[in-house]
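S.K.: First the structure, then my questions, so here it is.
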Amino acid sequence: MVFRSCLRPEHADEYGAEAKEMAELARAQSGIIAFKTFAATDGERVTIAEFVDEAAVVAWRENARHKEAQTAGRERFYAEYRVQVCEVLRDYGYEK
């Protein structure tokens with residue numbers, strides 16, 4: 001899953017605590033492989049979350065505390081956001 005967002009600046013301080021809690025909750029969620037957030041110089045934030053299967057994605061989406069945070073995001077935190085749920089077509093890499 002890829003979650004891209006731009007924050008509303010007037011709620012940036014409040015957002016930090018919420019984002020930290022959601023990251024901890026996500027990392028403890030059954031079926032999560034990885035959860036990382038990056039910030040671009042233009043203010044866009046990107047969170048990449050990897051799950052073992054679609055059921056784990058649905059469980060995260062439906063988590064009661066996460067649903068509260070989703071509502072807060074729409075009402076206060078985000079100027080805009082986009083969620084992309086993706087399937088991996090290929091996965092390979094290199095590690096020395």
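The values are calculated or read from the model by the stated rules, or taken from the named source; none is laboratory data. Since the model is a prediction, treat every value here as computed from it, not as a measurement. No Cβ is skipped: glycine too gets one built from the backbone with ideal geometry, and neighbour counts run over all protein chains shown.
S.K.: Restricting attention to segment 61-76, and to residues there that are in contact (Cβ under 8 Å) with a residue 24 or more places away in the chain and among the small types (G, A, S), which single residue is farthest from A12 (Cα to Cα)?
M.R.: Checked segment 61-76; the qualifying residue farthest from A12 (Cα to Cα) is A69.
S.K.: In segment 5-37, how many are over 13 Å from the mean Cα position of the chain (by Cα), of a type in the set (A, V, I, L, M) and part of a helix (DSSP H, G or I)?
M.R.: Qualifying residue count for the region: 3.
S.K.: Looking at segment 64-96, which of the residues that are of a type in the set (S, T, N, Q) and within 13 Å of the chain's Cα centre (by Cα) is nearest to A17 (Cα to Cα)?
M.R.: Q70
S.K.: Is it the case, given these coordinates, that Y78 is of a type in the set (S, T, Y), surrounded by 13 or more Cβ atoms within 10 Å (Cβ to Cβ) and either out of contact with any strand residue (DSSP E or B) (no Cβ under 9 Å at 6 or more places or on another chain) or at pLDDT 95 or above (or both)?
M.R.: yes
S.K.: Now for a different question. For segment 58-96, which residues satisfy the criterion of being in a loop (DSSP other than H, G, I, E, B), of a type outside the set (F, W, Y) and farther than 28 Å from D42 by Cα?
M.R.: N63, L89, R90, D91, G93, E95, K96
S.K.: Separate question: Provide a single number: the residues in segment 26-52 that are surrounded by 10 or more Cβ atoms within 10 Å (Cβ to Cβ) and out of contact with any strand residue (DSSP E or B) (no Cβ under 9 Å at 6 or more places or on another chain).
M.R.: The number of residues fulfilling the criteria is 1.
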